[in-house]
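Colleague: Below are the structure tokens for one structure; questions will follow.
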Amino acid sequence: MGSQQLQLPTVNFNGLDLNQPFGSKWDEARSEVMAALETYGCFNAIYGLVRPEVNEALFQSIVPEIFALPLETKQMHKSNVYLGYIGQITDVEYESLRIQDAPNLESVDNFARLLWPEGNQKFCNTITTYAQHARNLEQMVETMIFQFLGIEKYLNSHLESLTYGVRLANYGGLPIEETKVSLPRHVDPNLITIIRQNRVEGLEVCTKDEEWIRVVPSPDTFTVMIGETMTVLTNGRYNASIHRVSVNQNRYSVMLGSFPKEGYLIQPPEDIVDENHPLQFHPFDVNEYLKFRYSPEGLSAENSLKAFCGATVQTNKD
């Protein structure tokens, strides 16, 4: 179980505008975001643009409906490891599906027709609406990071290089008496993940002192986490959040994750690489990394990210 004393910081994004990333309210939120990312790699965001009816549709019909489909139907959504259907893993009570380019209605419709040949308009409209709002929150966080690091001149080209997917996840099964780890400790490989829980708790975040903070879901909050790609982009300044899911009943979540588009290399801007901050990672192709991370070599590595693209840091000696 997570610590009852510790709580993730909560940052209020209501009233902030991605098209006007300045002003005292924006600056205050940015300071809170960066402090939280430094300490935890994540935080809770109060963000009211996702209307209650969208949230209700997601957790009352859309997500339960998709996981009620036959296994062979869900497995029709094939892709490389991590980006397609995940499930049927020994000793892990977890399955998920990822919808790529989720803010785009046509892309979501193409995905839906794999599962429902006749189409599913409610599914498409709900996922697209949710993804567009969650993308807006993601891009506000990206903007704050680039501003704080003094690399804002690279922001527009960076955002244009991204693609956004929505992952629907199902944890646990029949009720059990004790809370059980449904998804073991891990970090996400992407840039940023925006997590929406339903009313069932389960998400836990590991602190630097190896304590677990249980993230309590709220109707108006989203949990924002940075992943390994952001660690590479920021030259190791911000580490991916370590987390797990522990449940004693069935639980759903909806996550928007940002990735570089295929063929785009992530590397730290030269502005944040110097004598005091030597290069930590070589240029990073996330698709190649995913192949490595889930290979026998990657799974056995103590730190798969450093094993894949870690740079040898040179130190100056007199």
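Colleague: May I ask you to list pairs of residues, at least six apart or on different chains, whose Cβ atoms are under 6 Å apart, with the first in the range 175-192 being assigned to a strand (DSSP E or B) and the second being among the polar types (S, T, N, Q) and modelled with pLDDT of 90 or more?
Modeller: Listed by first residue and then by second, the contacts come to Ile192/Ser258.
Colleague: A further question on this structure: Mind listing just one residue for me: the one in the range 198-228 that is crowded, with 22+ Cβ neighbours inside 10 Å and hydroxyl-bearing (Ser, Thr, Tyr) and, of those, farthest from Ala57 (Cα to Cα)?
Modeller: So the residue we want is Thr223.
Colleague: So how many residues does the range 85-129 have that are touching a strand residue (DSSP E or B) at 6+ places or on another chain (Cβ under 7 Å) and among the hydroxyl-bearing types (Ser, Thr, Tyr)?
Modeller: Going through the range 85-129 one residue at a time, the tally reaches 3.
Colleague: Then there is this: Kindly indicate whether Asp188 is surrounded by fewer than 19 Cβ atoms within 10 Å (Cβ to Cβ) and of a type outside the set (Val, Ile, Thr).
Modeller: no
A quick yes/no check of all residues on (1) assigned to a loop (DSSP other than H, G, I, E, B); (2) closer than 26 Å to Ser295 by Cα:
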site	(1), (2)
Val54	no, no
Ser61	no, no
Met76	yes, yes
Gly84	yes, yes
Ser96	no, yes
Val108	no, no
Lys122	no, no
Arg135	no, no
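Colleague: Let me ask you something else. Counting only residues that are touching a Leu at 6+ places or on another chain (Cβ under 6 Å) and surrounded by 21 or more Cβ atoms within 10 Å (Cβ to Cβ), which one in the range 234-265 is farthest from Ala45 (Cα to Cα)?
Modeller: Selected residue: Val245.
Colleague: Evaluate the range 293-312: report whether one residue or more is under 27 Å from Asn104 (Cα atoms) and touching a residue at least 40 places away in the same chain (Cβ under 8 Å).
Modeller: no
Colleague: Something else about it: Identify all residues within the range 49-66 that are hydrophobic (A, V, I, L, M, F, W, C) and at pLDDT below 90; write none if there are none.
Modeller: Hits for the range 49-66 are Leu49, Val50.
Colleague: If I ask for residues that are more than 16 Å from Thr221 (Cβ to Cβ) and not in a loop (DSSP other than H, G, I, E, B), which ones from the range 236-250 would you list?
Modeller: Within the range 236-250, Arg244, Val245, Ser246, Val247 meet the criteria.
The values are calculated or read from the model by the stated rules, or taken from the named source; none is laboratory data. Keep in mind that what you see is a predicted model, and the values were worked out from it rather than measured. Note: ideal-geometry Cβ built from the backbone for every residue, glycine included; neighbour counts use all protein chains shown.
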